[in-house]
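Q: Okay, here's the structure, questions in a sec.
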Amino acid sequence: MKPRLAYGYPSTRVRRDGDFQCIHCHNLVPSAAAWAGVQHRNHCPYCLWSRHVDLYWAGDRLSACKAGMWPVGLTAKQRVDRYGRSIPGELMLIHACVECNGVAINRIAADDHVAILLEIFQRSQDLDRRLVNQLQAGGIAVLDAAEASLVQARLLGTK
Amino acid sequence: MNTNSESPDDPGVVIKKTIGTYFVLRGGQVLPCGISSLLRKDFVYSTADPTSMPRRVQSARFNTHEDPVAVGDIVRFRDAGDGNGVITAVLPRRNRMARRSAVPMPGAHPFEQVIAANLDQVVAVFAAARPTPSWHLLDRYLVSAESLNLPSLVVITKFDLVAGGEIEDDLFAAAKAYRKIGYPVLLTSAVDGLGLDELRQTLAGRVSVLVGKSGVGKTCLLNALQPGLGLRVNAVNRSTGKGRHTTTHSEMFLLDFGGAIIDTPGVREFGLWNVDAQVLAEFFPEMQPLIGTCKFGLDCRHAEEPGCAIRQAVTNGAISPYRYQSFVRLREEL
(Lines give C-alpha, C1' and ligand atoms only; values in the text may rest on other atoms or scores of the structure.)
Protein backbone atom coordinates (compact mmCIF):
# COMPACT_ATOMS: atom_id res chain seq x y z
CA MET A 1 0.00 0.00 0.00
CA LYS A 2 1.24 3.46 -0.87
CA PRO A 3 1.37 5.41 2.38
CA ARG A 4 0.43 9.04 2.77
CA LEU A 5 3.31 11.44 2.28
CA ALA A 6 3.08 13.09 5.66
CA TYR A 7 2.92 9.92 7.70
CA GLY A 8 6.33 9.39 9.09
CA TYR A 9 8.37 8.85 5.96
CA PRO A 10 11.38 10.99 5.18
CA SER A 11 10.46 11.36 1.52
CA THR A 12 8.48 14.55 2.06
CA ARG A 13 11.55 16.64 1.46
CA VAL A 14 12.93 16.93 -2.03
CA ARG A 15 16.67 16.85 -1.70
CA ARG A 16 18.66 19.11 -3.95
CA ASP A 17 21.50 16.97 -5.13
CA GLY A 18 23.13 19.64 -7.25
CA ASP A 19 24.75 19.12 -10.61
CA PHE A 20 24.88 15.59 -12.03
CA GLN A 21 26.36 13.65 -14.90
CA CYS A 22 23.94 12.28 -17.47
CA ILE A 23 23.63 8.49 -17.31
CA HIS A 24 23.29 8.31 -21.11
CA CYS A 25 25.45 10.99 -22.79
CA HIS A 26 27.71 11.62 -19.72
CA ASN A 27 27.48 15.39 -20.07
CA LEU A 28 27.66 17.39 -16.85
CA VAL A 29 24.23 18.91 -16.21
CA PRO A 30 23.84 22.02 -14.03
CA SER A 31 20.81 21.91 -11.77
CA ALA A 32 20.49 25.64 -11.10
CA ALA A 33 17.06 27.05 -11.86
CA ALA A 34 18.73 29.90 -13.74
CA TRP A 35 19.76 27.40 -16.40
CA ALA A 36 16.84 25.01 -16.36
CA GLY A 37 13.97 27.44 -15.85
CA VAL A 38 12.48 24.84 -13.48
CA GLN A 39 13.20 24.18 -9.83
CA HIS A 40 13.69 20.44 -10.18
CA ARG A 41 15.90 19.27 -12.98
CA ASN A 42 14.98 15.70 -13.79
CA HIS A 43 16.48 14.99 -17.18
CA CYS A 44 19.48 15.84 -19.28
CA PRO A 45 18.93 18.86 -21.57
CA TYR A 46 21.33 17.48 -24.19
CA CYS A 47 19.96 13.96 -24.83
CA LEU A 48 16.75 14.29 -22.75
CA TRP A 49 17.33 10.99 -20.92
CA SER A 50 16.29 10.76 -17.30
CA ARG A 51 17.00 8.35 -14.48
CA HIS A 52 14.64 6.13 -12.51
CA VAL A 53 15.12 7.42 -8.98
CA ASP A 54 11.55 8.24 -7.87
CA LEU A 55 8.97 5.62 -7.03
CA TYR A 56 5.69 7.06 -5.73
CA TRP A 57 6.14 10.82 -5.96
CA ALA A 58 8.45 13.21 -7.73
CA GLY A 59 11.46 13.71 -5.52
CA ASP A 60 10.87 10.80 -3.12
CA ARG A 61 14.10 9.07 -4.30
CA LEU A 62 12.64 5.71 -3.29
CA SER A 63 13.30 3.74 -6.44
CA ALA A 64 16.06 1.18 -6.20
CA CYS A 65 16.08 0.66 -9.96
CA LYS A 66 18.26 3.70 -10.83
CA ALA A 67 18.45 2.69 -14.49
CA GLY A 68 18.22 5.13 -17.37
CA MET A 69 14.85 6.35 -18.64
CA TRP A 70 14.60 7.00 -22.36
CA PRO A 71 12.46 9.80 -23.79
CA VAL A 72 9.48 8.03 -25.32
CA GLY A 73 7.44 10.92 -26.63
CA LEU A 74 5.54 14.03 -25.74
CA THR A 75 2.23 14.57 -24.03
CA ALA A 76 0.26 17.61 -22.99
CA LYS A 77 -0.96 18.35 -19.50
CA GLN A 78 -4.72 18.79 -19.56
CA ARG A 79 -6.14 21.94 -18.11
CA VAL A 80 -9.55 23.51 -17.97
CA ASP A 81 -10.18 26.95 -19.44
CA ARG A 82 -12.48 29.58 -17.98
CA TYR A 83 -15.49 28.04 -19.76
CA GLY A 84 -14.85 24.61 -18.25
CA ARG A 85 -13.50 23.13 -21.48
CA SER A 86 -10.57 20.74 -21.35
CA ILE A 87 -7.68 22.14 -23.37
CA PRO A 88 -4.08 21.01 -23.86
CA GLY A 89 -1.74 22.74 -21.46
CA GLU A 90 1.98 22.52 -20.85
CA LEU A 91 4.02 20.17 -23.02
CA MET A 92 5.49 17.27 -21.07
CA LEU A 93 8.14 14.68 -21.80
CA ILE A 94 7.33 10.98 -21.28
CA HIS A 95 10.14 8.82 -19.90
CA ALA A 96 10.20 5.04 -19.72
CA CYS A 97 12.69 2.99 -17.71
CA VAL A 98 14.90 0.73 -19.80
CA GLU A 99 15.00 -1.94 -17.10
CA CYS A 100 11.71 -2.06 -15.21
CA ASN A 101 9.34 -0.31 -17.65
CA GLY A 102 8.48 2.36 -15.09
CA VAL A 103 6.98 5.48 -16.65
CA ALA A 104 7.22 9.13 -15.63
CA ILE A 105 6.15 12.41 -17.16
CA ASN A 106 8.36 15.40 -16.66
CA ARG A 107 8.24 19.12 -17.37
CA ILE A 108 10.31 20.36 -20.26
CA ALA A 109 13.09 22.65 -19.10
CA ALA A 110 14.03 25.99 -20.65
CA ASP A 111 17.36 24.73 -21.96
CA ASP A 112 16.16 21.39 -23.36
CA HIS A 113 17.46 20.77 -26.86
CA VAL A 114 14.55 21.75 -29.15
CA ALA A 115 15.79 19.79 -32.18
CA ILE A 116 15.96 16.62 -30.10
CA LEU A 117 12.51 17.29 -28.68
CA LEU A 118 11.15 17.52 -32.23
CA GLU A 119 13.04 14.38 -33.16
CA ILE A 120 11.49 12.55 -30.21
CA PHE A 121 8.06 13.75 -31.29
CA GLN A 122 8.67 12.43 -34.83
CA ARG A 123 9.99 9.14 -33.53
CA SER A 124 7.05 8.69 -31.17
CA GLN A 125 4.70 8.37 -34.16
CA ASP A 126 6.11 4.89 -34.75
CA LEU A 127 6.04 3.73 -31.15
CA ASP A 128 5.40 0.12 -30.30
CA ARG A 129 1.61 -0.31 -29.94
CA ARG A 130 1.98 -2.19 -26.65
CA LEU A 131 3.87 0.69 -25.11
CA VAL A 132 1.28 3.20 -26.34
CA ASN A 133 -1.49 1.07 -24.84
CA GLN A 134 0.42 0.78 -21.58
CA LEU A 135 0.78 4.54 -21.44
CA GLN A 136 -2.88 5.05 -22.26
CA ALA A 137 -3.85 2.63 -19.49
CA GLY A 138 -1.86 4.87 -17.15
CA GLY A 139 -3.73 7.94 -18.38
CA ILE A 140 -0.90 9.26 -20.57
CA ALA A 141 -1.81 10.12 -24.18
CA VAL A 142 1.16 10.34 -26.53
CA LEU A 143 0.80 13.31 -28.88
CA ASP A 144 0.30 12.11 -32.45
CA ALA A 145 0.86 13.71 -35.84
CA ALA A 146 -2.44 15.59 -35.59
CA GLU A 147 -0.98 17.66 -32.76
CA ALA A 148 2.16 18.64 -34.68
CA SER A 149 1.08 22.26 -34.83
CA LEU A 150 0.55 22.29 -31.06
CA VAL A 151 4.07 20.92 -30.51
CA GLN A 152 5.52 23.47 -32.92
CA ALA A 153 3.66 26.28 -31.17
CA ARG A 154 4.70 25.19 -27.71
CA LEU A 155 8.36 24.72 -28.60
CA LEU A 156 8.97 27.44 -31.15
CA GLY A 157 6.19 29.91 -30.38
CA THR A 158 3.49 31.31 -32.61
CA LYS A 159 3.94 34.09 -35.11
CA MET B 1 38.70 2.47 32.09
CA ASN B 2 39.38 0.58 35.27
CA THR B 3 37.54 -2.75 35.17
CA ASN B 4 39.34 -4.41 38.03
CA SER B 5 37.09 -7.22 39.24
CA GLU B 6 39.54 -8.31 41.97
CA SER B 7 38.67 -5.28 44.09
CA PRO B 8 37.32 -6.02 47.60
CA ASP B 9 34.59 -3.41 47.13
CA ASP B 10 30.90 -4.36 47.00
CA PRO B 11 29.22 -5.09 43.67
CA GLY B 12 25.98 -3.35 42.72
CA VAL B 13 23.90 -2.28 39.74
CA VAL B 14 23.61 1.33 38.59
CA ILE B 15 19.87 2.00 38.41
CA LYS B 16 19.81 5.76 37.98
CA LYS B 17 22.11 8.37 36.64
CA THR B 18 21.89 12.11 36.99
CA ILE B 19 24.63 14.64 36.36
CA GLY B 20 27.51 13.58 38.60
CA THR B 21 25.51 11.15 40.76
CA TYR B 22 24.96 7.46 40.21
CA PHE B 23 22.46 5.47 42.25
CA VAL B 24 23.67 1.97 42.94
CA LEU B 25 21.34 -0.81 44.00
CA ARG B 26 22.63 -3.54 46.26
CA GLY B 27 20.54 -5.88 48.38
CA GLY B 28 17.42 -3.72 48.12
CA GLN B 29 19.28 -0.59 49.23
CA VAL B 30 20.03 2.33 46.95
CA LEU B 31 23.16 4.34 47.56
CA PRO B 32 24.00 7.60 45.77
CA CYS B 33 27.59 7.44 44.56
CA GLY B 34 30.18 9.54 42.87
CA ILE B 35 32.85 7.96 40.77
CA SER B 36 36.51 7.56 41.37
CA SER B 37 38.61 9.89 39.24
CA LEU B 38 40.56 6.82 38.14
CA LEU B 39 37.56 5.82 36.04
CA ARG B 40 37.78 9.04 34.09
CA LYS B 41 41.41 8.50 33.20
CA ASP B 42 42.75 6.54 30.27
CA PHE B 43 46.15 5.17 31.13
CA VAL B 44 48.92 4.53 28.65
CA TYR B 45 51.24 1.78 29.87
CA SER B 46 54.84 1.32 28.95
CA THR B 47 55.36 -1.41 26.41
CA ALA B 48 59.10 -1.65 27.07
CA ASP B 49 58.70 -4.44 29.57
CA PRO B 50 55.14 -5.78 29.49
CA THR B 51 55.94 -8.51 32.01
CA SER B 52 57.05 -6.14 34.75
CA MET B 53 54.85 -5.99 37.84
CA PRO B 54 53.35 -3.59 38.61
CA ARG B 55 52.85 -2.11 35.16
CA ARG B 56 54.28 1.34 34.86
CA VAL B 57 51.95 4.12 33.72
CA GLN B 58 53.58 6.21 31.05
CA SER B 59 50.87 8.85 30.80
CA ALA B 60 47.29 9.48 31.76
CA ARG B 61 44.64 11.26 29.74
CA PHE B 62 41.68 12.74 31.54
CA ASN B 63 38.52 11.83 29.65
CA THR B 64 36.02 14.63 30.13
CA HIS B 65 33.64 13.68 27.32
CA GLU B 66 32.63 10.11 27.87
CA ASP B 67 30.76 9.00 30.93
CA PRO B 68 32.39 5.74 32.10
CA VAL B 69 29.27 4.57 33.93
CA ALA B 70 25.87 3.89 32.39
CA VAL B 71 22.57 2.72 33.78
CA GLY B 72 22.58 -1.08 33.88
CA ASP B 73 26.30 -1.28 34.61
CA ILE B 74 27.45 -3.68 37.29
CA VAL B 75 29.96 -1.77 39.38
CA ARG B 76 32.08 -2.14 42.45
CA PHE B 77 31.59 0.63 44.98
CA ARG B 78 32.78 1.62 48.41
CA ASP B 79 30.30 2.80 51.02
CA ALA B 80 31.66 5.96 52.67
CA GLY B 81 29.41 5.46 55.68
CA ASP B 82 27.77 8.88 55.40
CA GLY B 83 24.99 7.80 53.05
CA ASN B 84 27.16 8.20 49.98
CA GLY B 85 29.58 6.00 48.12
CA VAL B 86 32.21 5.94 45.43
CA ILE B 87 32.19 3.73 42.37
CA THR B 88 35.66 2.29 42.03
CA ALA B 89 35.28 -0.09 39.10
CA VAL B 90 32.93 -0.96 36.29
CA LEU B 91 32.72 -4.67 35.64
CA PRO B 92 32.92 -5.85 32.01
CA ARG B 93 29.69 -5.22 30.14
CA ARG B 94 27.72 -7.91 28.32
CA ASN B 95 26.69 -5.29 25.78
CA ARG B 96 25.94 -1.59 25.62
CA MET B 97 23.59 0.50 23.55
CA ALA B 98 25.34 3.65 22.46
CA ARG B 99 24.82 6.53 20.10
CA ARG B 100 27.12 8.99 18.44
CA SER B 101 27.19 12.27 20.31
CA ALA B 102 25.99 15.44 18.70
CA VAL B 103 28.87 17.69 17.69
CA PRO B 104 28.93 21.36 18.60
CA MET B 105 30.22 22.39 15.19
CA PRO B 106 30.87 20.77 11.81
CA GLY B 107 34.16 18.93 11.79
CA ALA B 108 34.26 18.35 15.54
CA HIS B 109 34.90 14.79 16.67
CA PRO B 110 31.90 12.89 17.98
CA PHE B 111 32.26 10.48 20.86
CA GLU B 112 30.35 7.53 22.22
CA GLN B 113 27.35 8.14 24.46
CA VAL B 114 26.32 4.95 26.22
CA ILE B 115 22.57 4.89 26.77
CA ALA B 116 22.34 1.67 28.78
CA ALA B 117 24.37 -1.44 29.43
CA ASN B 118 23.84 -5.16 30.03
CA LEU B 119 20.55 -5.38 28.13
CA ASP B 120 18.35 -8.26 27.01
CA GLN B 121 16.18 -6.36 24.54
CA VAL B 122 15.57 -2.96 22.98
CA VAL B 123 12.09 -1.49 23.01
CA ALA B 124 11.71 1.22 20.36
CA VAL B 125 8.75 3.41 21.26
CA PHE B 126 6.87 5.52 18.73
CA ALA B 127 3.64 7.45 18.94
CA ALA B 128 0.88 6.81 16.42
CA ALA B 129 0.42 10.58 16.34
CA ARG B 130 1.72 13.65 18.17
CA PRO B 131 4.54 13.38 17.36
CA THR B 132 4.26 11.63 14.00
CA PRO B 133 6.37 8.46 13.91
CA SER B 134 9.67 8.61 12.12
CA TRP B 135 10.27 5.21 10.54
CA HIS B 136 13.81 6.15 9.59
CA LEU B 137 14.61 6.76 13.26
CA LEU B 138 13.07 3.37 14.03
CA ASP B 139 15.39 1.78 11.47
CA ARG B 140 18.32 3.37 13.27
CA TYR B 141 17.28 1.81 16.57
CA LEU B 142 16.74 -1.54 14.91
CA VAL B 143 20.15 -1.45 13.23
CA SER B 144 21.78 -0.50 16.53
CA ALA B 145 20.05 -3.42 18.27
CA GLU B 146 20.98 -5.82 15.47
CA SER B 147 24.61 -4.74 15.72
CA LEU B 148 24.49 -5.71 19.41
CA ASN B 149 22.73 -8.97 18.57
CA LEU B 150 19.81 -7.93 20.74
CA PRO B 151 16.16 -8.65 19.98
CA SER B 152 13.99 -5.59 19.34
CA LEU B 153 10.39 -4.81 20.05
CA VAL B 154 8.50 -1.98 18.35
CA VAL B 155 5.84 -0.37 20.52
CA ILE B 156 3.45 2.15 19.01
CA THR B 157 1.78 4.23 21.69
CA LYS B 158 -1.18 6.64 21.65
CA PHE B 159 -3.14 4.32 19.37
CA ASP B 160 -6.34 5.80 20.77
CA LEU B 161 -5.51 9.04 18.90
CA VAL B 162 -5.74 7.40 15.47
CA ALA B 163 -8.16 4.49 16.06
CA GLY B 164 -10.88 4.57 13.44
CA GLY B 165 -9.23 7.45 11.59
CA GLU B 166 -7.52 7.69 8.22
CA ILE B 167 -4.04 7.19 9.65
CA GLU B 168 -4.99 3.82 11.13
CA ASP B 169 -4.58 2.12 7.74
CA ASP B 170 -1.12 3.63 7.26
CA LEU B 171 -0.15 2.50 10.72
CA PHE B 172 -1.34 -1.05 10.09
CA ALA B 173 0.57 -1.10 6.79
CA ALA B 174 3.77 0.06 8.51
CA ALA B 175 3.29 -2.46 11.35
CA LYS B 176 2.69 -5.22 8.82
CA ALA B 177 5.89 -4.31 6.95
CA TYR B 178 7.98 -4.57 10.13
CA ARG B 179 6.27 -7.79 11.26
CA LYS B 180 7.06 -9.28 7.85
CA ILE B 181 10.75 -8.64 8.50
CA GLY B 182 10.45 -10.38 11.85
CA TYR B 183 10.13 -7.55 14.35
CA PRO B 184 7.23 -7.82 16.78
CA VAL B 185 5.07 -4.68 16.73
CA LEU B 186 2.66 -3.87 19.55
CA LEU B 187 -0.07 -1.28 19.27
CA THR B 188 -0.69 0.20 22.70
CA SER B 189 -2.60 2.90 24.46
CA ALA B 190 -1.99 4.03 28.00
CA VAL B 191 -5.47 5.59 28.02
CA ASP B 192 -7.55 2.45 27.42
CA GLY B 193 -4.91 -0.16 28.28
CA LEU B 194 -4.69 -1.59 24.76
CA GLY B 195 -1.78 -4.00 24.30
CA LEU B 196 -0.39 -3.56 27.83
CA ASP B 197 -0.88 -7.20 28.89
CA GLU B 198 0.96 -8.36 25.79
CA LEU B 199 3.73 -5.87 26.50
CA ARG B 200 4.05 -7.10 30.10
CA GLN B 201 4.51 -10.64 28.84
CA THR B 202 7.25 -9.54 26.46
CA LEU B 203 9.07 -7.54 29.13
CA ALA B 204 8.83 -10.12 31.91
CA GLY B 205 12.13 -11.59 33.04
CA ARG B 206 14.29 -9.39 30.82
CA VAL B 207 16.25 -6.18 31.10
CA SER B 208 14.80 -3.85 28.47
CA VAL B 209 15.57 -0.29 27.47
CA LEU B 210 12.92 2.14 26.26
CA VAL B 211 14.20 4.37 23.48
CA GLY B 212 12.36 6.89 21.35
CA LYS B 213 11.80 10.52 20.54
CA SER B 214 10.75 12.98 23.17
CA GLY B 215 7.00 13.04 23.69
CA VAL B 216 6.19 9.58 22.33
CA GLY B 217 4.98 8.40 25.73
CA LYS B 218 7.77 6.22 27.08
CA THR B 219 7.28 7.29 30.69
CA CYS B 220 3.51 7.34 30.33
CA LEU B 221 3.68 3.76 29.10
CA LEU B 222 5.79 2.85 32.09
CA ASN B 223 3.28 4.46 34.47
CA ALA B 224 0.53 2.42 32.83
CA LEU B 225 2.56 -0.79 32.93
CA GLN B 226 3.32 -0.49 36.60
CA PRO B 227 0.78 1.70 38.39
CA GLY B 228 2.24 3.43 41.41
CA LEU B 229 5.45 4.63 39.85
CA GLY B 230 3.98 8.13 39.51
CA LEU B 231 6.65 9.33 37.11
CA ARG B 232 6.39 12.84 35.77
CA VAL B 233 4.86 13.13 32.30
CA ASN B 234 3.87 16.10 30.17
CA ALA B 235 1.82 16.75 27.06
CA VAL B 236 3.56 17.54 23.78
CA ASN B 237 3.84 21.15 22.69
CA ARG B 238 0.59 22.10 20.94
CA SER B 239 2.24 24.43 18.47
CA THR B 240 5.18 22.30 17.39
CA GLY B 241 3.77 18.85 18.17
CA LYS B 242 7.11 17.96 19.74
CA GLY B 243 7.89 16.56 23.17
CA ARG B 244 9.07 18.70 26.05
CA HIS B 245 11.96 16.52 27.30
CA THR B 246 10.17 15.80 30.56
CA THR B 247 12.37 12.83 31.49
CA THR B 248 15.85 14.20 31.97
CA HIS B 249 17.76 11.22 33.28
CA SER B 250 18.00 7.48 32.69
CA GLU B 251 16.58 5.20 35.32
CA MET B 252 16.04 1.48 35.73
CA PHE B 253 12.82 0.23 37.30
CA LEU B 254 12.33 -3.26 38.64
CA LEU B 255 9.05 -4.62 37.37
CA ASP B 256 6.52 -6.35 39.64
CA PHE B 257 5.95 -9.02 37.00
CA GLY B 258 9.67 -9.75 36.69
CA GLY B 259 12.51 -8.13 34.83
CA ALA B 260 13.59 -4.53 34.68
CA ILE B 261 13.10 -1.65 32.32
CA ILE B 262 15.30 1.36 31.69
CA ASP B 263 13.53 4.62 30.92
CA THR B 264 15.66 7.07 28.95
CA PRO B 265 15.26 10.73 28.00
CA GLY B 266 13.87 11.26 24.51
CA VAL B 267 16.30 11.95 21.72
CA ARG B 268 15.84 13.82 18.47
CA GLU B 269 18.88 12.28 16.81
CA PHE B 270 20.34 8.82 17.02
CA GLY B 271 23.66 8.51 15.24
CA LEU B 272 24.98 4.98 14.90
CA TRP B 273 28.14 4.20 16.80
CA ASN B 274 30.55 1.39 16.12
CA VAL B 275 28.69 0.22 13.00
CA ASP B 276 30.81 -0.32 9.92
CA ALA B 277 29.37 0.80 6.55
CA GLN B 278 30.84 -2.29 4.90
CA VAL B 279 28.68 -4.62 6.96
CA LEU B 280 25.60 -2.44 7.35
CA ALA B 281 23.42 -4.75 5.21
CA GLU B 282 23.98 -7.51 7.76
CA PHE B 283 21.95 -5.49 10.23
CA PHE B 284 18.91 -5.44 7.95
CA PRO B 285 17.48 -8.97 8.45
CA GLU B 286 15.62 -8.95 5.13
CA MET B 287 18.88 -8.15 3.29
CA GLN B 288 21.03 -10.73 5.10
CA PRO B 289 20.22 -13.72 2.84
CA LEU B 290 21.12 -11.69 -0.25
CA ILE B 291 24.56 -10.58 0.89
CA GLY B 292 27.21 -12.02 -1.40
CA THR B 293 24.75 -12.95 -4.13
CA CYS B 294 25.24 -9.69 -6.09
CA LYS B 295 27.20 -9.62 -9.34
CA PHE B 296 30.16 -8.08 -7.52
CA GLY B 297 29.78 -10.38 -4.54
CA LEU B 298 30.81 -8.96 -1.19
CA ASP B 299 32.29 -5.87 -2.89
CA CYS B 300 28.83 -4.61 -3.88
CA ARG B 301 27.82 -1.44 -2.05
CA HIS B 302 24.15 -1.98 -3.04
CA ALA B 303 24.02 1.60 -4.29
CA GLU B 304 24.23 1.73 -8.09
CA GLU B 305 26.13 -1.40 -9.02
CA PRO B 306 24.63 -3.47 -11.83
CA GLY B 307 23.37 -6.92 -10.87
CA CYS B 308 22.78 -5.96 -7.24
CA ALA B 309 20.54 -8.59 -5.63
CA ILE B 310 19.32 -6.22 -2.93
CA ARG B 311 18.23 -3.53 -5.39
CA GLN B 312 16.56 -6.25 -7.44
CA ALA B 313 14.67 -7.42 -4.36
CA VAL B 314 13.50 -3.85 -3.72
CA THR B 315 12.30 -3.53 -7.31
CA ASN B 316 10.48 -6.88 -7.02
CA GLY B 317 8.77 -5.75 -3.84
CA ALA B 318 10.50 -8.28 -1.56
CA ILE B 319 12.19 -5.47 0.38
CA SER B 320 10.41 -2.27 1.38
CA PRO B 321 11.71 0.76 -0.56
CA TYR B 322 11.58 2.74 2.69
CA ARG B 323 13.86 0.26 4.42
CA TYR B 324 16.21 0.38 1.44
CA GLN B 325 16.19 4.17 1.59
CA SER B 326 17.07 3.99 5.29
CA PHE B 327 19.92 1.66 4.39
CA VAL B 328 21.22 4.08 1.74
CA ARG B 329 20.97 7.07 4.07
CA LEU B 330 22.74 5.27 6.90
CA ARG B 331 25.45 4.05 4.57
CA GLU B 332 26.07 7.57 3.32
CA GLU B 333 26.33 8.78 6.89
CA LEU B 334 28.75 6.14 8.16
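Q: Quick one: which of B:A145, B:A124, B:A174 is within 23 Å of B:S214 (Cβ to Cβ) and at the interface with chain A (Cβ under 9 Å from one of its Cβ atoms)?
A: On the way: B:A145 fails: at the interface with chain A (Cβ under 9 Å from one of its Cβ atoms); B:A124 fails: at the interface with chain A (Cβ under 9 Å from one of its Cβ atoms).
Matching residue, one of B:A145, B:A124, B:A174: B:A174.
Q: Pick from the range B:94-111 the residues that are of a type outside the set (S, T, N, Q) and buried (at least 16 other Cβ atoms within 10 Å of the Cβ): which of them is farthest from the other protein chains (Cβ to nearest Cβ)? Let's see the steps before the verdict.
A: Quick first cut of the range B:94-111, residues of a type outside the set (S, T, N, Q) only: B:94, B:96-100, B:102-111.
If we keep only those that are buried (at least 16 other Cβ atoms within 10 Å of the Cβ) too, we end up with B:96-100.
Working: B:R96: 28, B:M97: 23, B:A98: 23, B:R99: 18, B:R100: 19 Å.
Filtering the range B:94-111 for residues that are of a type outside the set (S, T, N, Q) and buried (at least 16 other Cβ atoms within 10 Å of the Cβ), the one farthest from the other protein chains (Cβ to nearest Cβ) comes out as B:R96.
Q: Quick one: is B:A177 in a helix (DSSP H, G or I) and either more than 15 Å from B:D120 (Cα to Cα) or not assigned by TED's automatic domain parsing to the domain that holds B:Q325 (or both)?
A: Values: in a helix (DSSP H, G or I): yes; either more than 15 Å from B:D120 (Cα to Cα) or not assigned by TED's automatic domain parsing to the domain that holds B:Q325 (or both): yes.
Considered against the rule, which asks whether it is in a helix (DSSP H, G or I) and either more than 15 Å from B:D120 (Cα to Cα) or not assigned by TED's automatic domain parsing to the domain that holds B:Q325 (or both), B:A177 comes out as yes.
Q: Still on this structure, I have one more. Restricting to the range B:89-113, name every residue that is assigned to a strand (DSSP E or B) and either within 15 Å of B:V13 (Cβ to Cβ) or out of contact with any strand residue (DSSP E or B) (no Cβ under 6 Å at 6 or more places or on another chain) (or both).
A: Step one: of the range B:89-113, the residues assigned to a strand (DSSP E or B) are B:89-90, B:96-100, B:112-113.
Scanning the range B:89-113 gives B:A89, B:V90, B:R96.
Q: OK, next. Scanning the range B:180-193 for residues that are outside any loop (DSSP other than H, G, I, E, B) and farther than 22 Å from B:C220 by Cβ, which turns out nearest to the other protein chains (Cβ to nearest Cβ)? Talk me through it step by step, then tell me what you get.
A: In the first step, residues of the range B:180-193 are kept if they are outside any loop (DSSP other than H, G, I, E, B); the result is B:180-181, B:185-187.
If we keep only those that are farther than 22 Å from B:C220 by Cβ too, we end up with B:180-181.
Numbers: B:K180: 13, B:I181: 16 Å.
Across the range B:180-193, the extreme among qualifying residues is B:K180.
Conditions tested, residue by residue: (1) under 15 Å from B:V90 (Cα atoms); (2) more than 23 Å from the chain's Cα centre (by Cα); (3) at pLDDT below 85; (4) part of a loop (DSSP other than H, G, I, E, B).
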position: B:T3; (1), (2), (3), (4): yes, no, yes, yes
position: B:P8; (1), (2), (3), (4): yes, yes, yes, yes
position: B:V13; (1), (2), (3), (4): yes, no, no, no
position: B:Y22; (1), (2), (3), (4): yes, no, no, no
position: B:L25; (1), (2), (3), (4): yes, no, no, no
position: B:L31; (1), (2), (3), (4): no, yes, no, no
position: B:G34; (1), (2), (3), (4): yes, yes, no, no
position: B:R61; (1), (2), (3), (4): no, yes, yes, no
position: B:D67; (1), (2), (3), (4): yes, no, no, yes
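Q: Another question about this same structure. Check whether at least one residue in the range B:277-294 is more than 14 Å from every other protein chain (Cβ to nearest Cβ), under 26 Å from the mean Cα position of the chain (by Cα), buried (at least 18 other Cβ atoms within 10 Å of the Cβ) and not in a loop (DSSP other than H, G, I, E, B), and report yes or no.
A: Within the range B:277-294, one or more residues are more than 14 Å from every other protein chain (Cβ to nearest Cβ), under 26 Å from the mean Cα position of the chain (by Cα), buried (at least 18 other Cβ atoms within 10 Å of the Cβ) and not in a loop (DSSP other than H, G, I, E, B).
Q: So in the range B:213-238, with the set limited to residues that are over 20 Å from B:F159 (Cβ atoms) and touching a residue at least 24 places away in the same chain (Cβ under 8 Å), which one is surrounded by the fewest Cβ atoms within 10 Å (Cβ to Cβ)?
A: In this case the residue turns out to be B:L229.
Q: Please go through the range B:295-334 and pick out each residue that is more than 30 Å from the chain's Cα centre (by Cα), part of a helix (DSSP H, G or I) and within 13 Å of chain A (Cβ to nearest Cβ).
A: B:A309, B:Q312, B:T315, B:N316
Q: Moving on to the next point. When the residues of the range A:61-96 are narrowed to those that are small (G, A, S) and over 17 Å from B:T315 (Cβ atoms), which ends up nearest to the other protein chains (Cβ to nearest Cβ)?
A: In the first step, residues of the range A:61-96 are kept if they are small (G, A, S); the result is A:63-64, A:67-68, A:73, A:76, A:84, A:86, A:89, A:96.
Filter again for over 17 Å from B:T315 (Cβ atoms), leaving A:73, A:76, A:84, A:86, A:89.
Working: A:G73: 24, A:A76: 30, A:G84: 31, A:S86: 30, A:G89: 31 Å.
Looking at the filtered set, the residue picked out is A:G73.
The values are calculated or read from the model by the stated rules, or taken from the named source; none is laboratory data. Here the structure is a predicted model, which is why all the values come from computation and not from measurement. As a convention, Cβ positions derive from the backbone with ideal geometry for all residues, glycine included, and neighbour counts pool all protein chains shown.
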